[in-house]
Every structure is written in C-alpha cells, then in structure tokens.
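Rule-based calculations on the coordinates, nothing more; no lab input. Since we're looking at a predicted model, the values are computed, not measured. So basically every Cβ, Gly included, is an ideal-geometry build from the backbone, and we count neighbours across all protein chains shown.
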Amino acid sequence: MNDETSSALRAAVFKYRGTLLALPAAALAAWGKPSAFSVAVGLPLALAGEAIRCWAVGYSGVTTRGDVVEAPQLVTAGPYAHVRNPLYVGNVITAAGFAIAFTGGNRSGARWALRLGGLALMGAVYATIVPHEERFLHGQFGEAFERYCERVPRVVPQVDPMPDGHGRWDPSVIREAESRTFATFGTMLGLLILRALKA
C-alpha cells in the first residue's frame, strides 16, 4: 500500500470512527445479558471513562468532533500532560465498562467474544487514526510536537505529569463538544437498564 492510499484509508477511518465504534455497542445491546454484579462492576468503570473524556475535552474543546483532524493549538496540559491521547484512553475505559456491564449473564464464550471483539475493533481503529492525527500535528507544530512526544507517552498514562504544559481547562465547552457522547452514553445506559430488567 503506497503512502497516498494509506493516508486516504486513515483519513476515511478517522471520518467514520464514530460509526465503526458504534458496532461493538450495537452488539452489546443486541446480545448482552447483564447481571447485577456485572452492572455494579462495569457501570462505575464506564462513568470513569466518560469523566476522563470530559476532563480532556475541557482542554481540547469542540475540535475533537470533526470529520477531519484539526488543532488550533498544541494542548499539553491537564490529562494531555499524562498521555497524548486521553480521549481515546477514556473511550476504551468506557467501552470496557459497558462490555463488562452488559455481559455478566452471557455464557463464557459469548461474554469474552463480546468483550474482546469490541475492544479489538477499538484497538484497530485507534491504531489507524492515531498516526494520522500525529502526522497532522507534526506538520502543524513541528519541533514542539516532537518534544511533546519525547516527554509524554502515546497511550499508557504516566503518573507524573509533564510540567509546564500549555492549555487551559474550560468546562463551558464540554456541553457542546460532548453532546453526542452524552447521548450515546445515555442510550447505552437506558439499554443496559432494559436488558437488566429482562434478565
């Protein structure tokens, strides 16, 4: 695959990332069988993931929702001082929480297929779009982005934040930037309650 084709593929996956990541959620809603224990374990995890997203969005703003990569500034403060992709870390934690919550009553094989299948798809999507985003950021911010990459890991957060980060938390942008995510989270929560009541 040449660079042009690879770049076009990454851009397409980035554009349709929401649709691709909705597939595991749909599978959980269709075939999940929650138990009281799995909901008690998984739901707090899902909420923690959404809290991480809100923390990150308060720094990055509404540009995270676009169909193409954009970044008016290089944000390196808040959660971005711990990990370069806190939105995706939050998404994975939320997805893992819902995967646990929805599948407590499934047989072992189905339970692990739903859990691992969804997380594997997320991993494939993020492995495709993170290099696409980083290429853009490198082109936009050059050496500043290179220095940031040297100091902050891509996906596994570091305990001690990078000092002297750039950016300011603005909670007022969260409502607008996260409206779709809140709607999706609410839908999944409603479906989880309905599935739990039927169990």
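The numbered conditions (1) surrounded by fewer than 16 Cβ atoms within 10 Å (Cβ to Cβ); (2) part of a loop (DSSP other than H, G, I, E, B) are all true for Pro161 except (1).
Taken over the range 19-43, the residue count meeting the criterion of being surrounded by fewer than 13 Cβ atoms within 10 Å (Cβ to Cβ) and either over 21 Å from Ile100 (Cα atoms) or not hydrophobic (A, V, I, L, M, F, W, C) (or both) is 1.
Within the option set Gly190, Gly186, Gly139, Gly109, being within 28 Å of Gln73 (Cβ to Cβ), without any contact (Cβ under 8 Å) to a residue 24 or more places away in the chain and in a helix (DSSP H, G or I) holds for one residue only, Gly139. Just one of the numbered conditions (1) without any contact (Cβ under 8 Å) to a residue 40 or more places away in the chain; (2) within 30 Å of Gly42 (Cα to Cα) is not true of Gly104: (1).
Among the residues here, Phe14 does not qualify as of a type in the set (Phe, Trp, Tyr), within 14 Å of Met188 (Cα to Cα) and touching a helix residue (DSSP H, G or I) at 6+ places or on another chain (Cβ under 9 Å). Any residue in the range 71-89 that's without any contact (Cβ under 8 Å) to a residue 24 or more places away in the chain and more than 10 Å from Pro157 (Cβ to Cβ): show its pairings with residues that are in a helix (DSSP H, G or I) and polar (S, T, N, Q) at Cβ separation under 9 Å, as long as the two are six or more apart or on different chains. The qualifying pairs are Pro72/Thr63. For the range 116-131, the condition of being free of Cβ contacts under 8 Å to residues at least 40 places away in the same chain, out of contact with any Gly (no Cβ under 8 Å at 6 or more places or on another chain) and under 22 Å from Gly190 (Cβ atoms) holds for none of the residues. Kindly indicate whether Arg175 is closer than 21 Å to Gly18 by Cβ, basic (Lys, Arg) and not in a loop (DSSP other than H, G, I, E, B). Against the criterion (closer than 21 Å to Gly18 by Cβ, basic (Lys, Arg) and not in a loop (DSSP other than H, G, I, E, B)), Arg175 qualifies.
Looking only at residues of the range 40-86 that are in a loop (DSSP other than H, G, I, E, B) and under 15 Å from the mean Cα position of the chain (by Cα), we find that the one that is farthest from Asp164 (Cα to Cα) is Gly66. Taken together, the residues in the range 97-126 that are of a type in the set (Phe, Trp, Tyr) and more than 14 Å from the chain's Cα centre (by Cα) amount to 2.
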